[in-house]
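S.K.: My questions will all concern the structure given below.
Any read-out appearing in this document is the output of simple, stated calculations on the displayed coordinates, not a laboratory observation. A quick note: this is a predicted structure, and the numbers were derived from the prediction, not measured. Cβ sites come from the backbone with ideal geometry, for glycine too, and all protein chains shown count toward neighbours.
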Amino acid sequence: MIEFSNQLKKYRTDRGITQDELAGKLYVTRQAISKWESGESTPDMNNLVKLSDIFNVSLDALVLGKQENSKIDPNEFTFDPIHNKYVRKYGKMNFWDFLSKNPWVIVLLAIVLFWGVMFIH
């Protein structure tokens, strides 16, 4: 688990999070975080999953050091703190929602219809 301790410290420092802040998010002591980073002890599965969510990496990347892209696409998803999960930024979009977010489509459809009517006559 030496790889895990290195990964934990790397992800924490890369994001500018202190041991106290991370401990507060996981409801553990700062000493527990220090022991995890030094390799003296390891977190339980619940805390591993929470750490992967906090750092937005897979468990493989956190524990084994396998490099990969973020598991959440920030362009498509956003974190909902009320429900404590990631949700689509635009929700389930229907045709009218799409048109309200993309008014250029209406203009394009109007131009196509206008030219279509003009060429028929």
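S.K.: With just the Cα atoms defining each centre, how far is segment 20-88 from segment 91-109? Give it in Å.
M.R.: Distance between centres, Cα-based: 37 Å.
S.K.: Quickly estimate the mean residue ellipticity at 222 nm for the chain, helices only: each DSSP H run with n ≥ 4 gives -39500 (n - 2.57), and the total goes over all residues, rounded to 500.
M.R.: -16000 deg cm²/dmol
S.K.: If I stretch the segment between N75 and R88 completely, what's the gain in nm (0.36 nm per residue apart, minus their alpha carbon distance), one decimal?
M.R.: So the extension gain works out to 3.8 nm.
S.K.: Follow-up. Could you give the longest part of the chain that holds none of the chymotrypsin sites (Phe, Trp or Tyr not before Pro) found in DSSP loops with at most 12 neighbouring Cβ atoms within 10 Å?
M.R.: 28-89
S.K.: Now for a different question. When the gyration tensor of segment 2-74 is built from Cα positions, what are the square roots of 5 times its three eigenvalues, in whole Å, from largest to smallest?
M.R.: So the equivalent ellipsoid measures 18, 13, 11 Å along its semi-axes.
S.K.: In nm, what is the difference between 0.36 nm times the number of residues separating L64 and S41 and their Cα-Cα distance?
M.R.: Using 0.36 nm per residue and subtracting the Cα-Cα distance, I get 6.7 nm.
S.K.: List, in the order given, every pair from K35/K89; K25/K89; K25/K92; K25/K101 whose Cα-Cα distance in the structure shown is over 27 Å.
M.R.: K35/K89; K25/K92; K25/K101
S.K.: Which translational diffusion coefficient, to the nearest whole µm²/s, is obtained for segment 8-121 from the Stokes-Einstein equation, given a Kirkwood hydrodynamic radius over C-alpha pairs, 25 °C and 0.890 mPa s?
M.R.: The Stokes-Einstein estimate is 137 µm²/s.
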